Structures are given as structure tokens and as C-alpha cells.
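A short write-up of the structure that comes next.
The values are calculated or read from the model by the stated rules, or taken from the named source; none is laboratory data. No experiment lies behind these values; they were computed from the predicted model shown. Heads up, the Cβs are rebuilt from the backbone with ideal geometry, glycines too, and the neighbour counts pull from every protein chain shown. The accessibility values were calculated without ligands, DNA or RNA, using every heavy atom of the protein model including side chains. Shrake-Rupley method; radii C 1.70, N 1.55, O 1.52, S 1.80 Å.
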Amino acid sequence: MPEIRYLLPILALPTALVATACTDSTEQRLRELEDRNEIHALVDNLAAALEEGRFDAFATIYTPDVTAKSPGGEATGLDKVIALAGRNHSDQQRSPHYISNVRIELAGDRAQVRANSLFAFVPSAPTPGRVAPEPFYAGGGTYRFDAVRTPDGWRFARVETAPLWTVGTLAP
């Protein structure tokens, strides 16, 4: 019987190794899910910021050296991207952005993101509570983002919008 006492630690070794592997795998999967959730939240926050004209929120969405390309122009640097968005989205118009079908390809501290979008530019309602007239410009297309992990969390370092269709005329 004393010999069994010496064998028990050796017999328990495979179980301990499996438990360690499962823990590492679980932690890795949880980290991936957290990363995907945070990146998806950036997409949602961008849509809300554009719709509500809260371009100051871009500091929590983009990196300081972000590059942006859209039908409204191109810009590099957070301040210039905010200025570009301000020119293209005024207080006289609202622009709901519906961004869906978000696909995220993680690669460590970087990610490629693609999403579909529908957007409309409508005049702001003249009186609160009244429905605005029909949109003067609407469209649909894709967003492409390069995301990077920063000390403050995930941020977009690049954004590009590519309309696939539009209706109407974009106001100057």
C-alpha cells in the first residue's frame, strides 16, 4: 500500500495538465469575446455620435492619428477628422446611420472590421416633436476599419466608407 502513495502524484499529473490547458483556452476565448464586444461597441458609438452630432466622442472611438476617407472628403488626425465630420453633418440636418453585419477579424492587438451601413440626411425638424420631411440624401454601403488595442482600449486607426448606392443630392 505504501507504493500507491508514491504513484498518486504521477497519476494526477495528466489531470492537472488538462485542467491548465482548459483554463488557458477559456481565458483566451474570454479575451477574444471581450475584444469583439469592445470593437463592436466602437461601431455602435460611432453611429450614435454621427447621428447626434457629438463629434467630441470621437476621442473615445479613434486614435489621435486616425485616417478617414468618405465621400465627404479625407482627413488625417483626430482634429481634422472631427472637422470633416462637422462639415458633413450640420445642426440643420440629422443623419441616422444604421451600421450592421459587423465582421471582426482579430489578429492580436489589431483587427480588421467590415460592416454594412444605411444612412440618410434629413432636415432637422423645425419644431421639437414634429417629424422631419423626407430625406434629401440617402444611401447604403460599407465601412472598413482598422482597429488597434491602445492603453485606453480598442480604437479605430483608419475608417473608410464606400457607398454602393445613393439617392438625392448631398447638401453643400
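Descriptive notes on the structure:
- Vicinal HN-Hα couplings computed from phi for segment 31-40 (Karplus, 6.51 cos²θ - 1.76 cosθ + 1.60; Hz; Gly/Pro x): 4, 5, 5, 5, 4, 4, 4, 5, 5, 4
- Pairwise label distance in nanometres, Ser100 with Asn45, each label 7 Å out on the Cα-Cβ vector: 2.4 nm
- The slack in the chain from Leu170 to Val131, taken as 0.36 nm per residue of separation less the alpha-carbon distance, amounts to 12.0 nm.
- Label-to-label distance, nm, for residues given as Thr76 and Ser90 (7 Å Cα→Cβ offset): 2.9 nm
- Taking all protein chains as shown and a probe of 1.4 angstrom, Tyr62 keeps an accessible surface of around 10 Å².
- Carbon/sulfur fraction of accessible area - segment 55-144, other protein chains in place, 1.4 Å, %: 52 percent
- Reported value for segment 57-169: 113 Å³ per residue, from the convex hull of its C-alpha atoms.
- Measuring only protein heavy atoms, the 1.4 Å probe finds Phe119 accessible over about 30 Å².
- Heavy atoms of the protein chains alone define the surface here; on that basis segment 130-172 has 58 Å² accessible area per residue at 1.4 Å probe size.
- In this view, the solvent-accessible surface of Ile82, computed with a 1.4 Å probe and all protein chains in place, comes to about 50 Å².
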